[in-house]
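Input: a single structure, listed below in structure tokens.
The values are calculated or read from the model by the stated rules, or taken from the named source; none is laboratory data. Treat the numbers as computed from the prediction; the structure is a model and nothing was measured. Methodologically, a virtual Cβ is constructed for each residue, glycine included, from the backbone with ideal geometry; neighbour enumeration extends over all protein chains shown. These area figures cover heavy atoms from the full protein model, side chains too; ligands, DNA and RNA do not enter into them. Shrake-Rupley method; radii C 1.70, N 1.55, O 1.52, S 1.80 Å.
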Amino acid sequence: MSSPADTLPERVRALLPETLPSRLGVAVSGGSDSLALLHLLVRIARDEDVRLFAATVDHGLRPDAAAEAASVSETCAHLGVSHVTLKWTGWDRSGNLQDQARQARYGLLRDWAVLQDIPAVALGHTADDQAETVLMRLGRAAGVRGLSAMSFARDLDGVTVWRPLLGETRTALRDYLQAEGVRWIEDPSNQDLRFDRIKAREALGHLSGLGITAETLSRVAANLGRANRALEHFAQESARRVAKETACAVRVDRAGFGALPEEIQRRLVVGILQRITGPGYPPRQSKVEQVVQAVIAGRSSTLSGCQILTDGNSSWFCRELTAVSTCEARPAELWDERWIATGPDTPGVQIRTLGETGLPQVPDWRATGVPRMVLMVTPAVWLGDQIVSAPFAGFLNGWSFEMNPKFPEFSASFLSH
């Protein structure tokens, strides 16, 4: 009779796409989870003519980290897998260490994958990680989106991240490694109760009597993930009805917005803010709710580098002037990470905010129907102190602005990627 460890390779392969890329990355720390993933992917890659590449992130926070990375390198060499150690040196000893380390880890892995022409990287997150995340987010009173926790796949600025072990417990993975005669590294920080994740791990061990286990919490996260996707589609359809992107801003019909369920109102605000200021962590729920109420009441507000202005029956979301007043670029360069100007070959021109001094140079700007404060934060083409072109204010003069192609179509930005 086969054990769960015997069927683990088949279960993991079933979660991966039917056709794998010819070059596949895997993040390996040397712990049991990532080491199990490495061995499983080696087996899969050999059967499917896939070349595997491994990377270890050394955060430089523990004296043993370098030796652990070297141990992973030896293991990879034995398995015939190319390996590299990526070193992080960016922590200034302030702020949330775990959050900064996590962001740095993703950034290093993404840059490595792009450099090596690797379209997808597999990570060793497990059902235990999923359950711990749910517990931590419960402590922060998270909503449906937060409690749906990690997804199997996500886009990391052009590189796909896969988590094929989300359905597996750490115990099952260690049973597999023991059956294969593979030893793993125990990270001492996994016993450090100063970290919230370790507190959640400790708490989870005391909840099994209530039926609250890694497996059940993972199923809860999956259920909420499905609910979250349904809400995303509702938010997308709502955005198509009540919001329109124009002049580097988003115009919201206040009456239509006010008729939406509260959850969808919040999602629209978060999606629009991220559309205007760029991707990143959403603001706190209390701040989002203040903006929701401001839109409904027709008040002005600001949040996360975005200003919300009222104009009759509409609310306009656009950049704050202070956030872009010093932003400069040359033609064909990204302005504010979002806009690219194209036009005649004119030596010496710069892309800068239209601003208070530029708007008076465009006498017909009122014909656009766009509020003055919205137009002031749009990009324009300058030659010294003179406006050459201000397309969003109706003065083209042979120039145009296109959005950064990495940004999705507006309504699609309300869906997880």
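A few notes on this one:
- Residue order for Ile340, Ile387 - accessible surface, 1.4 angstrom probe, largest first: Ile340, Ile387
- Accessible area expressed per residue, segment 146-286, with surrounding protein chains retained (probe 1.4 Å, Å²): 52
- Per-residue ³J(HN,Hα) for segment 314-321, Karplus 6.51 cos²θ - 1.76 cosθ + 1.60, θ = phi - 60°, Hz, x for Gly and Pro: 10, 10, 10, 9, 8, 5, 6, 4
- Surface share of carbon and sulfur [accessible, 1.4 angstrom probe, percent] for the chain: 50
- For segment 209-288, convex hull of alpha carbons as volume per residue, Å³: 124
- Backbone HN-Hα couplings from phi across segment 154-171 [Karplus 6.51/-1.76/1.60, Hz, Gly and Pro as x]: 8, 8, 10, 6, x, 10, 7, 9, 10, 10, x, 9, 4, x, 10, 8, 5, 4
- For the chain, relative contact order (Cα pairs under 8 Å, six or more residues apart, normalised by length) works out to 12 percent.
- Using a simple spin-label model with pseudo-atoms 7 Å out from Cα toward Cβ, Leu207 and Asn223 lie 1.3 nm apart.
- Extension gain for Ala297-Val182 works out to 35.1 nm (0.36 nm per residue, less the C-alpha to C-alpha distance).
- Those lysines that a straight Cα-Cα span of less than 22 Å connects to Lys244, excepting residues fewer than 8 apart in one chain: Lys406
- Considering only Leu40, Thr353, Ser151, and ranking their Cα positions along the charge dipole of the chain that arises from unit charges at the beta-carbon of Lys, Arg, Asp and Glu, the one farthest toward the positive end is Thr353.
- Placing +1 on each Lys and Arg Cβ and -1 on each Asp and Glu Cβ, with no other charges, gives the chain a dipole about its Cα centre of roughly 1000 debye.
- When the square roots of the Cα gyration tensor eigenvalues are ordered a ≥ b ≥ c, the ratio a/c for segment 245-401 is 1.5 or more and a/b exceeds b/c, which makes its shape prolate.
- Candidate values (1) 107, 48, 43; (2) 80, 51, 43; (3) 76, 49, 44, label of the one derived for Cα extents along the principal axes in Å: (2)
- Distances between placed amide hydrogens fall under 5 Å for Arg23 paired with Arg51, all partners being 5 or more residues away or on another chain.
- FRET efficiency, Ala230 to Thr346 (Cβ-Cβ, R0 45 Å, nearest 0.05): 0.35
- Long-range HN-HN contacts of Lys87 with modeled amide H, under 5 Å: Asp58
- Take 31-42, 362-373, 308-319 and order them by the average number of nearby Cβ atoms within 10 Å per residue, most first; the result is 31-42, 308-319, 362-373.
- Here's how it looks for Gly30: its modeled amide H is under 5 Å from those of Leu35, which are all 5 or more places away or on a different chain.
- Taken as Cα centroids, segment 252-267 and segment 314-382 sit 29 Å apart, rounded to the nearest whole angstrom.
- Computed with the Debye formula from one identical point scatterer per Cα of segment 255-334, without solvent, the log10 of I(q)/I(0) at q = 0.13, 0.19 Å⁻¹ comes to -0.42, -0.81.
- Eligible aspartates and glutamates near Lys87 by straight Cα distance, threshold 15 Å, same-chain separation 8 or greater: Asp58, Asp64, Glu68, Asp111
- Segment 300-417 - accessible surface per residue (Å², probe 1.4 Å): 48
- Mean silhouette area of segment 125-251, derived from the convex hull of its C-alpha atoms and averaged over all directions, reads 11.3 nm².
- The label-point distance for Asp64 and Ser325, in a model that sets each label 7 Å from Cα toward Cβ, rounds to 5.3 nm.
- 3J(HN,Hα) along segment 137-149: 6, 4, x, 9, 6, 5, x, 4, 4, x, 6, 6, 6 Hz, from the Karplus curve 6.51 cos²θ - 1.76 cosθ + 1.60 with θ = phi - 60°, whole Hz, x for Gly and Pro.
- Sparse-neighbourhood loop sites, GluC sites (Glu not before Pro) in segment 342-417 - DSSP loop, at most 16 other Cβ within 10 angstrom: Glu409
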